[in-house]
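Undergrad: Shown below is the structure under consideration.
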Amino acid sequence: MKPNFKRIVLKNGMTVLFEKRTLPVVSVAIAVRNGGINETAEEKGISHFMEHLLYKGTKKRTAKQIAEEIEKNGGELNGFTSESLTAFWCKMPSESIDIALDVLSDMIKNSKFDEKEMEKERKVIFEEIKMYHDIPRLHVLDMVHQTLYQPPFGMPLIGTIETMNSITREKMLKKFKQVYTPNNMILAVVGDADFDKIVNFAEKNFGNEKGNVPEFKIQKKNETKTETRKGIDQANLVFAYHIPLLSDKKAYAAKVLGTLMAEGMSSRLFTEIREKRNLAYAIKGDTILSKDYSQNYIYVGTTKESVEKVKQLILDEFEKVSKNLSEKEFNEVKKQIIGNYKIAMEDSEEVLTALLLYEIDGNAGDFYDFEKNISDVKLKDVLDLAKIKKYSMYTLIPD
């Protein structure tokens, strides 16, 4: 059954997305079309820093009161910054949707950007940077991005110690006023709620300010880098390669290829590297599709001595797929992806996030075409994409 989905762009440019559900739960988000992709090298990390600060207090609520109003009503509160989006969301019993809308809009419209809170939160982000560095798997996933793209896009989304130290309150407020305007915002709701009431709330609570989000050209590259570190026992590597953008009809073929290779215990590389040769415990893959950049990742944790062997196994498996992927296995992988999509649609929070990302890439309604887009993938396109000519690889090995 097709979901009950509605989308409207208000006179002030704000987009409202809504999927009606009957369970007494609602997921709500207010997002802005701004992320790491919209930052200069000098301000890298400012979008993520801004996200943190919007939880630190408004003109009528302290940070504790923001959390309490959601949590004491049975809800969850969080946010995230991606390369193209910053979102503030909560999941609530549907009877408390008014509270969710009031708290989130208050954060967006009335945050204080208190100087003392800013300095405290800067230290929190320094610890977050250290955390990503100290967890090998997170570190290599972060660093492989730098082998795929030139700065500033190739720089860490979270920023660096240097860029974070350079961000002043004045810079923060200037950026905030530039991008946090209704024409750059999306209000999304998935759950048991009334669409007209949501639209009415948006029209009453947001003005007509206009802003613009800066855009910078993304420059692709491919590099292989190795880093050594004392105090670790395992080599962590990520193999990554560029794939067609979401606007290309072959984008979904890249998703099929990525799943075939490294998503799940039945994947080609899980079977070859772990089951047949016992060279790794963790083997995971992921596909990122967007209108501006797209790539497939393969992560493997192995021994220092096995890094080159694992790399060769990955390349060999791509070659095998390009020559002998059967129609049967191809169709099984498509069925797997569609099944995973249906399972993910059960969670209103998952759907909320997907709708936001699809809206950033063009139109949220395209999310509901995912099953058809996977079904329409042709075997030949997967075979062609498996002929990997260029790739990036980042490896962290014990010293």
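The values are calculated or read from the model by the stated rules, or taken from the named source; none is laboratory data. Just so it is clear, the structure is predicted and the values come from calculations on it, not from any experiment. Neighbour counts run over all protein chains shown; Cβ positions are idealised from the backbone, glycine included.
Undergrad: Within segment 1-52, track down each residue that is under 19 Å from Glu359 (Cα atoms), charged (D, E, K, R) and within 17 Å of the chain's Cα centre (by Cα).
TA: Arg33
Undergrad: Now, a different point. Restricting attention to segment 82-92, does a residue exist that is at pLDDT 95 or above, under 17 Å from Val190 (Cβ atoms) and of a type in the set (Val, Ile, Thr)?
TA: Checked against the condition, which is being at pLDDT 95 or above, under 17 Å from Val190 (Cβ atoms) and of a type in the set (Val, Ile, Thr), segment 82-92 yields no hits at all.
Undergrad: May I ask you to list the residues in segment 181-205 that are of a type outside the set (S, T, N, Q) and either without any contact (Cβ under 8 Å) to a residue 40 or more places away in the chain or within 22 Å of Lys44 (Cβ to Cβ) (or both)?
TA: Those that are of a type outside the set (S, T, N, Q) and either without any contact (Cβ under 8 Å) to a residue 40 or more places away in the chain or within 22 Å of Lys44 (Cβ to Cβ) (or both): Asp194, Asp196, Lys197, Lys204.
Undergrad: Here's a follow-up. Test each condition in (1) modelled with pLDDT under 95; (2) in contact with a Lys or Arg (Cβ under 6 Å, 6 or more places away or on another chain) for Lys249 and report the one that comes out false.
TA: (2)
Undergrad: Next question, about the same structure. Given the conditions (1) surrounded by 13 or more Cβ atoms within 10 Å (Cβ to Cβ); (2) of a type outside the set (A, V, I, L, M); (3) modelled with pLDDT under 95, and given that Arg277 satisfies all but one, which numbered condition is not satisfied?
TA: Every condition holds for Arg277 apart from (3).
Undergrad: Can you find even one residue in segment 43-55 that is of a type in the set (Phe, Trp, Tyr), surrounded by 17 or more Cβ atoms within 10 Å (Cβ to Cβ), more than 17 Å from Ala193 (Cα to Cα) and modelled with pLDDT of 95 or more?
TA: yes
Undergrad: Residues Ser392, Ser322: which one is within 17 Å of Gly258 (Cβ to Cβ), surrounded by fewer than 18 Cβ atoms within 10 Å (Cβ to Cβ) and among the polar types (S, T, N, Q)?
TA: Result of the check over Ser392, Ser322: Ser322.
Undergrad: Tell me the residue from Lys20, Lys109, Lys44 that is under 23 Å from Tyr293 (Cβ atoms) and among the basic types (Lys, Arg), please.
TA: Just one listed residue meets the conditions, Lys44.
Undergrad: Still on this structure, please answer the following. Check off (1) closer than 30 Å to Ile218 by Cβ; (2) surrounded by fewer than 19 Cβ atoms within 10 Å (Cβ to Cβ); (3) not aliphatic (A, V, I, L, M) for Lys120 and give me the number that stays unchecked.
TA: The single condition Lys120 does not satisfy is (1).
Undergrad: Just to be sure I understand, how many residues within segment 217-237 are in a strand (DSSP E or B), in contact with a Phe, Trp or Tyr (Cβ under 9 Å, 6 or more places away or on another chain) and not charged (D, E, K, R)?
TA: Selection size over segment 217-237: 4.
Undergrad: Still on this model: Considering each residue of segment 84-143, count those that are in contact with a His (Cβ under 7 Å, 6 or more places away or on another chain) and over 25 Å from Lys175 (Cβ atoms), and give that number.
TA: The qualifying residues number 2.
Undergrad: Would you confirm, using the coordinates I've provided, whether Val144 is out of contact with any Leu (no Cβ under 7 Å at 6 or more places or on another chain), farther than 18 Å from Gly35 by Cα and among the hydrophobic types (A, V, I, L, M, F, W, C)?
TA: Yes; evaluated as a whole, the condition is true for this residue.
Undergrad: Filter segment 263-276 down to the residues that are farther than 17 Å from Ile374 by Cα and not β-branched (Val, Ile, Thr) and list them by number.
TA: Gly264, Met265, Ser266, Ser267, Arg268, Leu269, Phe270, Glu272, Arg274, Glu275, Lys276
Undergrad: Is it the case that Leu245 is part of a loop (DSSP other than H, G, I, E, B), outside the structural domain of Leu85 (by TED's automatic domain parsing), farther than 30 Å from Pro214 by Cα and among the hydrophobic types (A, V, I, L, M, F, W, C)?
TA: no
Undergrad: Of the numbered conditions (1) more than 20 Å from Ile186 (Cα to Cα); (2) without any contact (Cβ under 8 Å) to a residue 24 or more places away in the chain, Phe367 satisfies every one except a single condition; which is it?
TA: (1)
Undergrad: On to the next question. Just give me the residues in segment 136-193 being hydroxyl-bearing (Ser, Thr, Tyr) and part of a loop (DSSP other than H, G, I, E, B), in sequence order.
TA: Thr160, Thr168, Tyr180, Thr181
Undergrad: Another question, if that's okay. Which condition from (1) free of Cβ contacts under 8 Å to residues at least 24 places away in the same chain; (2) of a type in the set (S, T, N, Q); (3) closer than 28 Å to Tyr358 by Cβ is the one that Gln178 breaks?
TA: Result: Gln178 passes all but (1).
Undergrad: While we're on this one: Filter segment 248-294 down to the residues that are more than 17 Å from Tyr341 (Cβ to Cβ), out of contact with any Ser or Thr (no Cβ under 8 Å at 6 or more places or on another chain) and not in a loop (DSSP other than H, G, I, E, B) and list them by number.
TA: Ala262, Arg268, Leu269, Phe270, Thr271, Glu272, Arg274, Glu275, Lys276, Lys284
Undergrad: Quick check on Pro136: is it over 17 Å from the mean Cα position of the chain (by Cα), surrounded by 14 or more Cβ atoms within 10 Å (Cβ to Cβ), more than 24 Å from Ala354 (Cβ to Cβ) and in contact (Cβ under 8 Å) with a residue 60 or more places away in the chain?
TA: In short, yes.
Undergrad: Let me ask something additional. Report, ordered by the first and then the second residue, all pairs with beta carbons closer than 7 Å, sequence separation of six or more or different chains, a first member in segment 206-227 that is polar (S, T, N, Q), and a second member that is surrounded by 12 or more Cβ atoms within 10 Å (Cβ to Cβ) and in a loop (DSSP other than H, G, I, E, B).
TA: From residues that are polar (S, T, N, Q), the pairs are Asn208/Asn12; Gln219/Gln150; Asn222/Tyr391.
Undergrad: Could you tell me which of the residues Leu77, Leu10, Leu17, Leu101 is in contact with a helix residue (DSSP H, G or I) (Cβ under 9 Å, 6 or more places away or on another chain), over 17 Å from Phe206 (Cβ atoms) and either surrounded by fewer than 21 Cβ atoms within 10 Å (Cβ to Cβ) or of a type in the set (A, V, I, L, M) (or both)?
TA: When all the criteria are applied, what remains is Leu77.
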